[in-house]
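Worksheet: the structure to be examined is printed underneath.
The values are calculated or read from the model by the stated rules, or taken from the named source; none is laboratory data. Computed from a predicted structure; not experimentally measured. When we count neighbours, we look across all protein chains shown, and the Cβ atoms used for this are built from the backbone with ideal geometry, even at glycine. The protein model used for the area step is the full one, side chains on, heavy atoms only, and it has no ligands, DNA or RNA in it. Shrake-Rupley method; radii C 1.70, N 1.55, O 1.52, S 1.80 Å.
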Amino acid sequence: MATPIPPPSLAALETIAGSAALDEVLACLRVRRPVFHSEADLQHSFALAVGEVAPEVRCRLEVPVRGCDASEYLDLLCLGLAGRTAVEFKYVTRQWSGTAGTPPEDYALRGHNAPDVARRDFLRDVGRLERFCDREDQNGLALLITNEASLWRPRQRRMPTRDEQFRIHHGRELSGTLLWAGGSFPDNTRVLRGAYTLAWRPYTQLEGPGGEFRCLAVFITPNPAQHSPPHEG
């Protein structure tokens, strides 16, 4: 009989693969990469930073998720002796150009100009990770890095917007069913298993308009109870 896996501690739930503290990984990342050319660039650079902080952790990009549709892939899977972490990334930018890093690199970021869609897609990542984390030794991390200040700032207008329930500003608490435009677009509905208090943290400060970057990290706890073995034909 297999030895039962003990439930992970709270500290392990908020680390990468039970080994690397997120703050350490971000500190390593921002020194080497204060800004990124693309989301794929962020994914690769984050994996390298995890390896530098915790050399025993193995990182795998674009991992297919078993039991889900063939089109579903996980951005990054970190494998360690103390656990596993599934990571989904979002890199949302407004226009910024300049030189950064050592050695210096030139960057020309384009503006995505759709913060409402960015909010929807980030919470989609949270929901996907809740499904993916179906084993006791695997937690999840939804990570967003952006220089779009409207994502971390509370809305000033009082008139409701279609993404009202999807706001992700600092201090926001999210849980349960989130409706887009009051439910007028059911494909955009998100149902969250967990409850999350959102806390933005500084990432880097570069010169010029749009040079402030911040980071939002949401950890997802394991939920092995949702796992059911595949049906045999």
- How far apart, in nm, are two points set 7 Å out from the Cα along the Cα-to-Cβ line at E56 and at R201? 2.2
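Counting other Cβ atoms within 10 Å of each Cβ, which trypsin sites (Lys or Arg not before Pro) in the stretch 116-189 have at most 11 and sit in a DSSP loop? Mind dumping the intermediate values first?
Numbers: sites: R119, R120, R124, R128, R131, R135, R155, R157, R158, R162, R167, R172; in loops: R135, R155, R157, R158, R162, R167, R172.
Within the stretch 116-189, the qualifying trypsin sites (Lys or Arg not before Pro) (loop, at most 11 other Cβ atoms within 10 Å) are R157, R158.
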- Item | Placed amide H near N223: partners under 5 Å, 5+ positions off or other chain | D134, R135
- Message: Using a 7 Å offset from the Cα along the Cα-to-Cβ direction at both E39 and S150, what is the distance between the two label points in nm, to one decimal?
- Response: 1.9
- Give, in whole angstrom and from largest to smallest, the semi-axes √(5λ) of the equivalent ellipsoid of the chain, with λ running over the eigenvalues of the Cα gyration tensor. 29, 24, 15
- Query: Of all accessible surface on the stretch 53-129 at a 1.4 Å probe, what whole percent is carbon and sulfur?
  - Reply: 48
- Message: Over the stretch 121-219, with the other protein chains present, what is the accessible area per residue in square angstrom, probe 1.4 angstrom?
- Response: 48
- R0 = 45 Å: FRET efficiency of D187 with A27, Cβ-based, nearest 0.05? 0.70
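Defining a contact as two alpha carbons under 8 Å apart and six or more residues distant in sequence, what relative contact order in percent does the chain show? Before the final figure, lay out each step's value.
Details: 451 pairs, mean separation 43.4, N = 233.
Once divided by the residue count of the chain, the mean separation gives 19 percent.
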- Query: With charges only on Cβ, +1 for K and R and -1 for D and E, what is the dipole size of the stretch 107-179 about its Cα centre, in debye, rounded to 20?
  - Reply: 480
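Could you check how much of the accessible area of the stretch 138-200 is carbon and sulfur, as a whole percent, using a 1.4 Å probe? All intermediate terms of the calculation are to be shown ahead of the outcome.
Working: 1650 of 3300 Å².
Roughly 50 percent, rounded to a whole number.
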- Message: Compute for the stretch 58-136: radius of gyration divided by Kirkwood radius, i.e. Rg/Rh, restricted to C-alpha atoms, rounded to two decimals.
- Response: 1.08
